[in-house]
Structures are given as structure tokens and as C-alpha cells.
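Here the structure is laid out as C-alpha cells; the discussion comes afterwards.
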Amino acid sequence: MKFMLLVVGKTVEKHYIAAIEDYLQRIRHYISFDIEVIPELKNTKSLSTGQIKEKEGELIVKALQPGDVPVLLDERGKEFRSIEFAAWIERKMHTAKRLVFIIGGAYGFSQAVYQIAQEKISLSKMTFSHQMIRLIFTEQLYRAMSILNNSPYHHE
């Protein structure tokens with residue numbers, strides 16, 4: 001099984017990049033995990049937020065492969081405790097070929113993306129920057145893998 005994080009726009013803050021890279025390397029001790037970046041749209045000043053979401057949505061859908069299980073990281077998604085998330089990951093590892101977690105652009109997801117999503121997960125009721133969510137997600141994925149592998153990283 002493979003895992004992927006699909007994001008719109010690159011991470012630009014150096015401290016986030018360094019921390020995400022650290023967790024990326026840790027995660028890869030346990031699973032196949034990649035991050036794919038969809039470039040931000042250019043010349044969007046004349047576009048409405050709806051048009052931006054639609055164009056980003058087309059790029060998100062295009063990045064998916066047959067058999068992928070798309071999971072949106074979305075404020076309206078299901079919330080988990082870390083141990084529950086680890087158990088959810090373990091179940092998915094037995095049923096999915098590639099689990100693709102998706103972080104949308106600044107305005108969220110288009111209806112087309114919501115329609116293809118098999119599940120939605122919320123990392124918090126609070127709002128975080130898209131760059132910070134990337135770090136929070138990679139840390140939580142690493143924590144889930146450490147829980148599943150009885151590593152001392154997570155404490156009850």
C-alpha cells in the first residue's frame with residue numbers, strides 16, 4: 001500500500017519545509033509515502049473564488065489514479081484521536097491500493113472534488129494555514145505509524 005499527500009501550492013516557509021522533511025523521512029521507515037504538489041494557479045485576479053476552486057479541482061481530480069482512495073483534509077470531516085486515526089489507517093492498509101490525502105487551496109474544494117472523495121477527515125475544529133496543516137498531518141501520520149508499530153513516540 002502507498003500513501004500520498006496531494007497539496008495545492010508549494011510550502012514556502014523554511015521552518016515548515018524542514019519539519020515536514022523530517023517527518024517525511026521518519027514516515028518512510030514504515031510506509032511508502034510521497035507528497036505531490038499541484039502548482040498554484042497563475043493570473044487569478046480576474047477569477048472568482050468559485051472559478052479558482054473549479055480550476056484547482058480539475059487539477060486535483062487529474063492527479064488521481066484509478067483505484068486511489070481520496071481522503072479530503074476538510075474542516076467538515078470526521079475528527080479522530082491519534083489512536084483512533086492509527087486504527088483507521090490500519091483498516092485502510094488492508095483495503096486500499098493508494099490512500100491519497102488531499103489539502104486544497106485557500107478557498108477549499110470544488111464540488112467535483114467533494115464528489116470523488118471517499119472520506120473527509122478534520123485535523124481540528126480550529127483553522128490553520130495550509131502550510132501548517134501539512135506539518136500537522138505529517139506529524140499525525142508519523143504518530144499513527146509509531147502507534148501501529150509500538151514505537152515509544154506516542155504516550156497515553
Looking at segment 111-127, which of its residues are in contact with a Gly (Cβ under 6 Å, 6 or more places away or on another chain) and of a type in the set (Gly, Ala, Ser)? 112, 122
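Looking at 56, 21, 36, can you tell me which residue is over 17 Å from residue 136 (Cα atoms) and at pLDDT 95 or above?
Working: 21 fails: over 17 Å from residue 136 (Cα atoms); 36 fails: over 17 Å from residue 136 (Cα atoms).
It is 56.
Looking only at segment 129-145, which residues are of a type in the set (S, T, N, Q), in contact (Cβ under 8 Å) with a residue 60 or more places away in the chain and under 19 Å from residue 29 (Cβ atoms)? Show your work before the answer.
Here is the first cut: in segment 129-145, the residues of a type in the set (S, T, N, Q) are 129, 131, 138, 140.
Adding the requirement that they be in contact (Cβ under 8 Å) with a residue 60 or more places away in the chain leaves 131, 138.
The answer is 138, and nothing else.
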Let me confirm something: among 101, 109, which residue is more than 15 Å from residue 144 (Cβ to Cβ) and either free of Cβ contacts under 8 Å to residues at least 40 places away in the same chain or surrounded by 11 or more Cβ atoms within 10 Å (Cβ to Cβ) (or both)? 109
List every residue pair whose Cβ atoms lie under 8 Å apart, where the two residues are 6 or more positions apart in sequence or sit on different chains, the first residue falls within segment 35-58 and is free of Cβ contacts under 8 Å to residues at least 60 places away in the same chain and within 13 Å of residue 102 (Cα to Cα), and the second residue, located anywhere, is part of a helix (DSSP H, G or I) and open to solvent by 90 Å² or more (accessible area, probe 1.4 Å). 57/111
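Can you find a residue that is of a type in the set (A, V, I, L, M) and over 19 Å from residue 145 (Cα atoms) anywhere in segment 27-35?
Quick first cut of segment 27-35, residues of a type in the set (A, V, I, L, M) only: 27, 31, 35.
Of the ones still in play, those that are also over 19 Å from residue 145 (Cα atoms) are none.
The answer is no, given that none of the residues of segment 27-35 is of a type in the set (A, V, I, L, M) and over 19 Å from residue 145 (Cα atoms).
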Residues (out of contact with any helix residue (DSSP H, G or I) (no Cβ under 6 Å at 6 or more places or on another chain), aromatic (Phe, Trp, Tyr) and under 22 Å from residue 68 (Cα atoms)) located in segment 114-156: 114, 137
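The values are calculated or read from the model by the stated rules, or taken from the named source; none is laboratory data. Keep in mind it's a predicted model, so treat the numbers as computed, not measured. Methodologically, a virtual Cβ is constructed for each residue, glycine included, from the backbone with ideal geometry; neighbour enumeration extends over all protein chains shown. Note: accessible area is taken over every heavy atom of the protein model, side chains too, but ligands, DNA and RNA are not part of it. Shrake-Rupley method; radii C 1.70, N 1.55, O 1.52, S 1.80 Å.
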